[in-house]
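Asker: Attaching a single structure in structure tokens format; questions to follow.
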Amino acid sequence: MSQVQLQFRLNGKDYSIQADPTQRMVDLLRENLHLTGTKVGCGVGECGACTVVLNGEAVTSCLVLAGQMQGADILTVEGLSETQIGSILQQCFVDGDAVQCGFCTPGFLMSAYALLLHNPHPTREEIKVAVSGNLCRCTGYVPILNAIEAAGLRLAAEGK
Amino acid sequence: MQVRTYIRPASLADALHTLATVEEPIAIIAGGTDVLVYAREDDRYANSALIDIYGLAGELGQIREERDDLIIGALATHAAIAKSPLVLRYAPILADACRSIAAPQVRNHATIAGNIANASPAADSLGALAVLRAKVGVQSPEGQRELAMDQIIARPYRNNLGPRDLITYIRIPKLEGYQHMFYKLGRRRAQSISRMTLAALLKRDSQGVVEDFRITVGATFPRPMVFPDVDAMLIGIRPAQADLEAVAKALSNKIPEIAGIRASTAYKQPVCEKLCLRILNNLLGGDQQ
Ligand SMILES: Cc1cc2nc3c(=O)[nH]c(=O)nc-3n(C[C@@H](O)[C@@H](O)[C@H](O)COP(=O)(O)OP(=O)(O)OC[C@H]3O[C@@H](n4cnc5c(N)ncnc54)[C@H](O)[C@@H]3O)c2cc1C
Ligand code: FES
Ligand code: FES
């Protein structure tokens, strides 16, 4: 496919790049922009490793066409620490041993970020639903759920 | 993905013009949660003009009222439908069905029209739309028409749309005073084993007499079905347990009648009967809302 000019906001910066609009968003991020924090697991929407936040909502970037980034506001794991919610989440994942091999971690962080963005004080059940599209083969999920819950509490303590 | 050309219309009018004039075979992409999965499997889109309508959400993504109907834009996502106050008020069974689809990341990007057009027999919105008597609004270069749920789908993975047809909205008559139940058996990750959905709507008067009843089974027949003969069994009576059992039997008998006797029938028919009875008991035991 021929290239088109794509303009979007990514991790708080404006981009204007030439790219193939019919590739997957995850390939544009990883190959064109060398942002390899976003992982590819299954490639068919089942594992959540490729989760990014697109216009405020978590999506699997393996199932989003790059052309649909036109005009969008995107957050990937690389931009997370610049946000209050993101840096608290990252700290809680580390403190709570919610990371083992780490392959699933960016995806979980982005799903959790989107949750806390809309719902800063989620219940355990809401946390489970929010990460129901993310698979982890290492941790058994409990430390991850605990870490997200802890992040919600810390946000509350910080008056958010 | 491999395509001949990629076109991203700037407006609905622009999209209709494109659909009327493009020479290559046409492939529409909305959220892409089915299309991008297919594109991984083979090169079926290699000679196509890919028309990306996702950017038209401003025109085609709204959920609004139009007198006695709810109008759901073709590009409304499952997530938007599941939390829409209008849907929760006038068609809550559709909110339940959309909430049961996949996981948040897919629900946030996948659209209702894509779910319909993809015509998977396991598409979860279809049963709810069938009992709601939804109509699908289709626009083509020849004009505009509305199709009922049992007309829009021909057979598994084949819709009755022409190549230049675009679904633009879903029209749903508003319902009030109904109880509803959407039940989904099995999960997509366990797709290889049979699954089934049941969707039921019930309206009773203050004496408990059934004014309206509609039920269907999804993920079981080649296309969405409505069963006026089964629905009629409860209308006008105060149902006793024997009436509910008769409905469950009649509904589950549709499986061998319509889908024919298959390997899965031995499993699906009794499961359907049991689930139907459980749902009816829940609805009749529960309070009216
Ligand atoms: C991991 C995963 C889990 C899933 N789980 C479920 C589930 O539990 N239940 C369920 O029902 N579905 C499930 N799905 C499928 C569901 O996501 C899709 O059916 C979705 O609703 C399709 O919408 P889309 O916008 O992504 O369509 P696309 O993939 O863009 O398009 C799908 C088809 O519809 C056509 N199309 C799209 N929009 C229009 C239009 N406006 N007019 C005419 N044709 C159109 C396209 O040409 C294409 O043929 C799952 C998918 C994934 C990846
Ligand atoms: S790689 Fe996208 S969901 Fe698995
Ligand atoms: S930490 Fe290894 S997959 Fe989750």
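The values are calculated or read from the model by the stated rules, or taken from the named source; none is laboratory data. Since this is a predicted model, take the numbers as computed values, not measurements. Cβ placement follows ideal geometry from the backbone for every residue including glycine, while neighbour counts extend to all protein chains displayed.
Condition check ((1) in the same structural domain as B:Ala113 (by TED's automatic domain parsing); (2) of a type in the set (A, V, I, L, M, F, W, C); (3) closer than 19 Å to B:Ala97 by Cα; (4) within 22 Å of the chain's Cα centre (by Cα)) across all residues:
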| position | (1), (2), (3), (4) |
| --- | --- |
| B:Arg155 | yes, no, no, yes |
| B:Tyr169 | yes, no, yes, yes |
| B:Ala200 | no, yes, yes, yes |
| B:Gln241 | no, no, no, no |
| B:Leu244 | no, yes, no, no |
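Asker: Same structure again: Go through segment A:25-55 and give me each residue that's more than 19 Å from A:Gly86 (Cα to Cα) and of a type in the set (S, T, N, Q).
Answerer: A:Asn32
Asker: Do the conditions hold for B:Arg145, that is, is it out of contact with any Ser or Thr (no Cβ under 6 Å at 6 or more places or on another chain) and assigned to a strand (DSSP E or B)?
Answerer: When the stated conditions are applied, B:Arg145 passes them.
Table: residues versus (1) within 12 Å of chain B (Cβ to nearest Cβ); (2) at pLDDT 95 or above.
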residue	(1), (2)
A:Met110	yes, yes
A:His118	yes, yes
A:Glu126	yes, yes
A:Glu149	no, yes
A:Ala157	no, no
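Asker: Tell me which residues, restricted to segment A:76-108, are within 16 Å of ligand 2 (Cβ to nearest atom) and under 15 Å from A:Leu54 (Cβ atoms).
Answerer: A:Thr76, A:Val77, A:Pro106, A:Gly107 - these are the residues of segment A:76-108 that are within 16 Å of ligand 2 (Cβ to nearest atom) and under 15 Å from A:Leu54 (Cβ atoms).
Asker: In segment B:107-129, which residues are closer than 21 Å to B:Tyr183 by Cβ and surrounded by fewer than 23 Cβ atoms within 10 Å (Cβ to Cβ)?
Answerer: B:Ser120, B:Pro121, B:Ala122
Asker: Suppose we keep only residues that are over 10 Å from the mean Cα position of the chain (by Cα) and part of a helix (DSSP H, G or I) within segment B:102-113. Which one would you say is farthest from the other protein chains (Cβ to nearest Cβ)?
Answerer: My answer is B:Arg107.
Asker: I'd like to know if segment A:7-24 contains one or more residues that are within 16 Å of ligand 2 (Cβ to nearest atom) and in contact with a Ser or Thr (Cβ under 6 Å, 6 or more places away or on another chain).
Answerer: Among the residues of segment A:7-24, not one is within 16 Å of ligand 2 (Cβ to nearest atom) and in contact with a Ser or Thr (Cβ under 6 Å, 6 or more places away or on another chain), which makes the answer no.
Asker: Another one. Would you mind finding the one in B:Glu59, B:Glu65 that is within 14 Å of ligand 1 (Cβ to nearest atom) and surrounded by fewer than 23 Cβ atoms within 10 Å (Cβ to Cβ)?
Answerer: Going through B:Glu59, B:Glu65 in turn, just one is within 14 Å of ligand 1 (Cβ to nearest atom) and surrounded by fewer than 23 Cβ atoms within 10 Å (Cβ to Cβ): B:Glu59.
Asker: Any idea which of (1) more than 10 Å from chain A (Cβ to nearest Cβ); (2) surrounded by fewer than 17 Cβ atoms within 10 Å (Cβ to Cβ) is the one B:Ala74 doesn't satisfy?
Answerer: (2)
Asker: Then there's this: Could you please give the count of residues in segment B:78-88 that are surrounded by fewer than 23 Cβ atoms within 10 Å (Cβ to Cβ) and touching a residue at least 24 places away in the same chain (Cβ under 8 Å)?
Answerer: Residues flagged as surrounded by fewer than 23 Cβ atoms within 10 Å (Cβ to Cβ) and touching a residue at least 24 places away in the same chain (Cβ under 8 Å) within segment B:78-88 amount to 3.
Asker: Would you check if there is a residue in segment A:49-72 being in contact with a strand residue (DSSP E or B) (Cβ under 7 Å, 6 or more places away or on another chain) and away from every other protein chain (no Cβ under 14 Å)?
Answerer: no
Asker: Output the residue which, of all residues in segment A:49-74 that are over 13 Å from the mean Cα position of the chain (by Cα) and within 13 Å of ligand 1 (Cβ to nearest atom), is surrounded by the fewest Cβ atoms within 10 Å (Cβ to Cβ).
Answerer: Here the answer is A:Gln68.
Asker: Show me the strands (runs of 3 or more DSSP E) entirely contained within segment B:1-66 in which 1 or more residues are within 13 Å of another protein chain (Cβ to nearest Cβ) and closer than 17 Å to B:Ala113 by Cβ.
Answerer: B:26-29, B:49-52
Asker: Sticking with this one: Looking at A:Glu31, A:Glu46, which is the one that is out of contact with any Pro (no Cβ under 8 Å at 6 or more places or on another chain) and surrounded by fewer than 16 Cβ atoms within 10 Å (Cβ to Cβ)?
Answerer: Within the list A:Glu31, A:Glu46, the selection yields A:Glu31.
Asker: Next question, about the same structure. When you look at B:Ala113, is it within 6 Å of ligand 1 (Cβ to nearest atom) and either closer than 16 Å to B:Leu70 by Cβ or of a type in the set (Asp, Glu) (or both), yes or no?
Answerer: For B:Ala113, the condition - within 6 Å of ligand 1 (Cβ to nearest atom) and either closer than 16 Å to B:Leu70 by Cβ or of a type in the set (Asp, Glu) (or both) - is met.
Asker: Here is a further query. Among the residues of segment A:113-137, which ones are within 16 Å of ligand 2 (Cβ to nearest atom) and either part of a helix (DSSP H, G or I) or surrounded by fewer than 16 Cβ atoms within 10 Å (Cβ to Cβ) (or both)?
Answerer: Scanning segment A:113-137 gives A:Ala114, A:Ala130, A:Ser132, A:Arg137.
Asker: Restricting to segment B:5-18, what's the tally of residues that are surrounded by fewer than 17 Cβ atoms within 10 Å (Cβ to Cβ) and of a type outside the set (A, V, I, L, M, F, W, C)?
Answerer: Number of matching residues: 4.
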